[in-house]
Amino acid sequence: MFDERVRTRERSLLALDALSITVSFIAAYLLRMFHDSLPLLSRIPSIPLTGEAAARSDYALLLIVNLTAWVVYLRRSRLYRGGDLDAAERVLGTYAKGLVLCMLATGAAVFALKMYAISRLFVAYFYVTALVLLSGKHALVIAALRRLRRDVRHRRHALVIGAARPALWFADVIRRARRTGYHLAGLVLSDEAGDAAEGPPVLGRVEQLDAVLKRHRIEEVFIVGSAQEMAALAPVAQRLIERGRVVSLVSTLSTGRNGVLGRVTQFDGVPLISYGPMPRDEVRAGMKRTIDVVVAGGALLLAWPLMLAIALAIRLSDPGPALFKHERLGLGGRRFRLFKFRSMRTDAERLLRADAELYARYLANDYKLPEDQDPRISALGRWLRRTSLDELPQLWNVLRGDMTLVGPRPIVPQELAQYEPYADLYLSVRPGLTGHWQVSGRSRIRYPERAFLDLDYVGNHSVATDLSIIARTVPAVLKRKGAY
């Protein structure tokens with residue numbers, strides 16, 4: 001859904017929330033005032049109200065405090081900005097947390113402003129009534145939205161134009177966002193790809209667009225593709241605008257769902273679509289480096305007994321160095337030595353080169369061999385790889401600044417060809433100890449998908465992305481997914 005419509009929906013629902021809270025406040029005030037004369041409720045022990053008139057200004061102030069706390073929390077939770085409002089458990093859970101925050105805000109206000117005349121029974125009435133009214137309001141909203149979705153007159157009929165691969169990708173985006181009220185009429189392809197066996201109908205080619213518009217109800221058109229494809233389809237976009245359709249450009253530097261996506265930004269108030277890594281933010285870069293130093297330094301201090309034990313075990317099981325040093329490419333193409341615990345025999349390189357068939361399989365498998373086909377790996381090394389403990393020394397690379405905690409996987413120089421023509425883009429950031437590739441299957445993910453994952457991170461990374469990847473790394477390591 002477009003941001004403008006998302007904001008409209010969010011503001012409308014927050015306004016309904018504010019109305020529900022205000023009504024709940026008034027209802028709670030009346031319930032407390034007439035508590036002693038109400039059947040059943042009058043059985044609840046209460047202290048007679050005194051000085052009620054003098055305290056009304058305090059109640060009004062509490063209403064403002066609760067409304068403010070509610071709006072701030074709901075906006076930060078982004079509940080109404082997501083498309084899935086039908087998830088009742090998630091919505092009610094967010095409401096309950098919001099009311100708890102309101103309760104804490106009320107307690108803080110009562111304590112700070114010494115509003116001792118506020119009735120505790122009123123507060124209980126208010127939160128119970130608010131939860132009931134907010135839940136009822138949401139049920140009515142969902143019922144109304146479902147009715148609108150069923151009504152064809154209120155759907156937004158969309159058309160996707162582009163080459164088959166990116167067009168199918170964005171068609172899936174629209175399909176998954178069906179709760180937003182969009183209906184995909186079909187695709188108009190700009191290339192010669194055949195019709196997809198599964199998926200939305202292909203209504204024709206770009207040359208047949210006029211006929212497609214006559215046969216089908218189309219209100220919005222999404223043109224998907226790379227910058228080069230966008231330029232070729234510019235006359236099509238102009239023709240659609242002249243015919244009164246809403247036209248949106250979904251720009252990707254590398255076609256398809258993976259690769260570098262364009263992002264909308266501004267330059268002195270002028271909207272732009274930008275590619276590649278964001279302009280260097282010194283504050284964010286400093287924060288990222290600080291986190292790297294603190295986390296890597298702390299982890300090394302905690303893990304040194306384990307690392308010492310692993311080093312001794314390697315030396316005892318197979319005489320030779322405990323650490324394996326390998327040349328990798330870092331920021332700007334600078335070469336550095338990556339450290340790992342040695343998981344292979346000391347004669348591993350000679351063994352690999354001596355077997356021509358084995359070496360051919362090694363090259364064909366993206367410079368790796370399946371675990372059960374690799375005679376170079378020792379028994380201890382196989383366990384270290386499965387548990388990812390062999391990568392602990394890379395914390396030293398992070399501390400030195402060769403690597404960062406989250407980033408694209410460090411590659412050997414020979415692999416750089418897999419990232420063409422975006423090799424320089426890949427080298428514009430530091431490689432990471434973990435990243436998209438590591439939490440998505442590791443060795444099960446091969447080129448070119450691996451390159452797409454790395455380039456996607458380079459073009460769209462943020463602090464939130466880093467935190468998400470770090471959170472996903474722990475379960476990925478524990479599950480040993482793709483680790484060999």
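The values are calculated or read from the model by the stated rules, or taken from the named source; none is laboratory data. Since we're looking at a predicted model, the values are computed, not measured. Every residue, glycine as well, gets a Cβ built from its backbone with ideal geometry; the counts of neighbours run over all protein chains shown. Quick note on the areas: whole protein, heavy atoms, side chains included, nothing else; ligands and nucleic acids left out. Shrake-Rupley method; radii C 1.70, N 1.55, O 1.52, S 1.80 Å.
List of remarks:
- Qualifying residue in the range 289-311 (condition: among the aliphatic types (A, V, I, L, M), at pLDDT below 80 and either more than 22 Å from P408 (Cβ to Cβ) or open to solvent by less than 90 Å² (accessible area, probe 1.4 Å) (or both)): no
- Check on E192, assigned to a helix (DSSP H, G or I), open to solvent by 30 Å² or more (accessible area, probe 1.4 Å) and either closer than 30 Å to R9 by Cα or modelled with pLDDT under 85 (or both): no
- Any hit, the range 218-235, residues being more than 14 Å from I161 (Cβ to Cβ), touching a residue at least 24 places away in the same chain (Cβ under 8 Å) and open to solvent by 60 Å² or more (accessible area, probe 1.4 Å): no
- Residues that are open to solvent by 20 Å² or more (accessible area, probe 1.4 Å) and under 14 Å from the mean Cα position of the chain (by Cα) were ranked within the range 434-452; the one that is modelled with the lowest pLDDT is S440.
- For the range 472-479, the criterion of being modelled with pLDDT of 80 or more and open to solvent by 20 Å² or more (accessible area, probe 1.4 Å) is satisfied by at least one residue.
- Any chance L134 is open to solvent by less than 70 Å² (accessible area, probe 1.4 Å), modelled with pLDDT of 75 or more, farther than 15 Å from V250 by Cβ and in a helix (DSSP H, G or I): yes
- Test for M33: is it among the hydrophobic types (A, V, I, L, M, F, W, C), closer than 25 Å to F122 by Cβ and modelled with pLDDT under 80: yes
The rows are residues; the columns are (1) open to solvent by less than 40 Å² (accessible area, probe 1.4 Å); (2) within 17 Å of Y29 (Cα to Cα); (3) touching a residue at least 40 places away in the same chain (Cβ under 8 Å).
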site	(1), (2), (3)
R90	no, no, no
A96	no, no, no
L104	no, no, no
A109	yes, no, yes
A112	no, no, no
M115	yes, yes, yes
I118	yes, yes, yes
L121	yes, yes, yes
Y125	yes, yes, yes
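- Candidate set: the range 224-245, residues that are basic (K, R) and either assigned to a helix (DSSP H, G or I) or touching a strand residue (DSSP E or B) at 6+ places or on another chain (Cβ under 7 Å) (or both); chosen: the one farthest from D210 (Cα to Cα): R245
- Index of the failed condition, L261 passing every other in (1) open to solvent by 50 Å² or more (accessible area, probe 1.4 Å); (2) modelled with pLDDT under 80; (3) of a type in the set (A, V, I, L, M): (1)
- Within the set A117, A105, A60, the sole residue that is part of a helix (DSSP H, G or I) and either modelled with pLDDT under 75 or more than 38 Å from the chain's Cα centre (by Cα) (or both) turns out to be A60.
- Some residue of the range 425-433 being open to solvent by 20 Å² or more (accessible area, probe 1.4 Å), more than 18 Å from L331 (Cα to Cα) and modelled with pLDDT under 80: no
- Taken residue by residue, the range 371-385 has no member that is at pLDDT 80 or above and under 26 Å from G332 (Cβ atoms).
- Taken over the range 390-421, the criterion of being part of a loop (DSSP other than H, G, I, E, B) and farther than 14 Å from L331 by Cα is satisfied by L392, P393, E420, P421.
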